[in-house]
1. Taking all protein chains as present, what is the carbon and sulfur share of the accessible area of the protein assembly as shown, in % to the nearest whole number, probe 1.4 Å?
2. What average number of partner chain Cβ atoms lie no more than 10 Å from the Cβ of the residues making up A:59-69?
3. Enter the buried accessible area of the A/B pair, total of both sides, probe 1.4 Å, in Å² rounded to the nearest 100.
4. Placing +1 on the Cβ of each Lys and Arg and -1 on the Cβ of each Asp and Glu in the protein assembly as shown, which of B:VAL76, A:VAL57, B:PRO128 has its Cα farthest towards the positive end of the resulting dipole?
5. Need the list of lysines near B:LYS198 for cross-linking: C-alpha distance under 28 angstrom, and skip anything on the same chain fewer than eight residues off.
6. Would you jot down the residues in segment B:152-171 that end up with at least 30 Å² less accessible area in the complete protein assembly than in the chain alone, with a 1.4 Å probe?
7. I'd like to compare A:149-161, A:105-117: which one has the highest average count of other Cβ atoms within 10 Å, and what's the full order after that?
8. Using a 7 Å offset from Cα along the direction of the beta-carbon, what are the separations from B:HIS12 to the same position in each other copy, nm, ascending?
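The values are calculated or read from the model by the stated rules, or taken from the named source; none is laboratory data. Owing to the predicted nature of the structure, the values given are computational and were not obtained by experimental measurement. Counting neighbours? That spans all protein chains shown, and the Cβs are built from the backbone with ideal geometry, glycine included. These area figures cover heavy atoms from the full protein model, side chains too; ligands, DNA and RNA do not enter into them. Shrake-Rupley method; radii C 1.70, N 1.55, O 1.52, S 1.80 Å.
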2 protein chains.
Amino acid sequence: MARLPEYLRALHNLAESGHETVSSEGLSAAAGVNSAKLRKDLSHLGSYGTRGVGYDVALLIEQIEFVLGLTQRRAVALVGVGNLGHALAGYDGFASRGFRIAALLDADPSRVGEEINGLVVRHVDDLPTVAAEESLAIGVIATPAAAAQQVADQLVAVGVTSILNFAPCVLSVPEGVDVRKVDLAIELQILSFHEHRKASLTALPATGGSALTALPGGFATTDTQEAIGT
Amino acid sequence: MARLPEYLRALHNLAESGHETVSSEGLSAAAGVNSAKLRKDLSHLGSYGTRGVGYDVALLIEQIEFVLGLTQRRAVALVGVGNLGHALAGYDGFASRGFRIAALLDADPSRVGEEINGLVVRHVDDLPTVAAEESLAIGVIATPAAAAQQVADQLVAVGVTSILNFAPCVLSVPEGVDVRKVDLAIELQILSFHEHRKASLTALPATGGSALTALPGGFATTDTQEAIGT
DNA sequence: AGGCGCTTGTGAAGACGTGCACAAATCGCG
DNA sequence: CGCGATTTGTGCACGTCTTCACAAGCGCCT
């Protein structure tokens, strides 16, 4: 499940603040989900908490990290050292959460050679060489949309089987390669949709006008946390 | 639906390449979804394509932009001008997709006054002043996790009702405020999970060992595009 | 005008995720 | 040792999303 990493983060927080065990209620609150859902997720792990007590924090961290494949620190290749690529290269959240940026690559010769955070930018055509040095399984694409497909092909060619794509486009990849997409503008547009919905509901609740103005009511969006606590 | 922005992006691409109309089949391919799903989504809009022909690209863009509330260019406040904040401030995808960064804010006095992309960084305590100048509805949090909740409270206090949170933590906000979260490390961890799953499947398919080694098989993750085309 | 091919819109079936509510299990205490 | 408080694990029901398959509608060509 995609919620496991969220649980893991919450568990690390709990461990740092000295908790040895945690109840499903407590953990679910920290992770922002329903407690029944959390218990069901953990039961799918085969993870055994003890009834009446809760879950052993350290053990649970270990189990989740195993399932997520974080027992080994995975090497990540980052392609595209523009605005966003720079930020990603300097993001310490990767290092602290089980990943190591093994190479920075770019197609622009004027960027090659630049040093960012202790790593030297290499040309994207050096990918085969890089892959020979390191065991690359994950690639991150932070290039403009126009270059993304070509970069994806190059990554796949050197054996990368998981791609995180920040470019606003659909990638086509062979079977067995996983792609996850993050589009920052889309996130904002979804929020904008919620704004529009809220505005129409409060402004003219009794208008009942054309089909268009009546629309924004009946939509549902996923992955949105709304109104948790106060 | 959360897919509308994806359709919108695909439609803009089609419009640029000169298409006047598009079939559900064509658009769904460009957006990376099932064609029946796309038709159902669009029918929820009340949007009328013409049978035998397809959808009018320009009209559909107009309709989706209306539903998403993109007819007005929304002002966004960006709090936290660190590594990631810098990148977001310089990201042209926001401007080109209906948003305008109206203010850059940070709590660190040494960062206040810095100019990024034509905007001067102001202190986060100036939020009420900024909100008085602009009609702020959306806030973006790109601060460390420790500061995120306080910033969220400040944003809510000045009337922001939608928050995009890049900090790895759960925010608590009053009812009526929408929060969307983007955690870059979590995306990588999900990919790592897939890697681990693939590795276990290919390496020891007949081992049938402990419960732990047998685990990673039966999981499902959402939002993952796998094996599109070749 | 009529027929044919193409495309939309939708009914129905199935898969999936979610949350409630409760039985089973464990610990601590008298 | 037994009892009560607490918490996990899960059966069940419900609503949502997804997908197939097909009827209805539109335009073009003859």
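1. Using a 1.4 Å probe with all protein chains present, the protein assembly as shown comes out at 52 percent carbon and sulfur.
2. If you average over the peptide's residues, the count of other-chain Cβ atoms is 4.
3. Counting protein atoms only, the buried area is about 7800 Å².
4. A:VAL57
5. Within the straight-line cut-off, B:LYS198 pairs with A:LYS37, A:LYS40, A:LYS181, B:LYS181.
6. Output list: B:SER162, B:LEU164, B:PRO168, B:VAL170.
7. Put in order of decreasing packing, that is A:149-161, A:105-117.
8. Spelled out, the distances from B:HIS12's label point are 3.4 nm.
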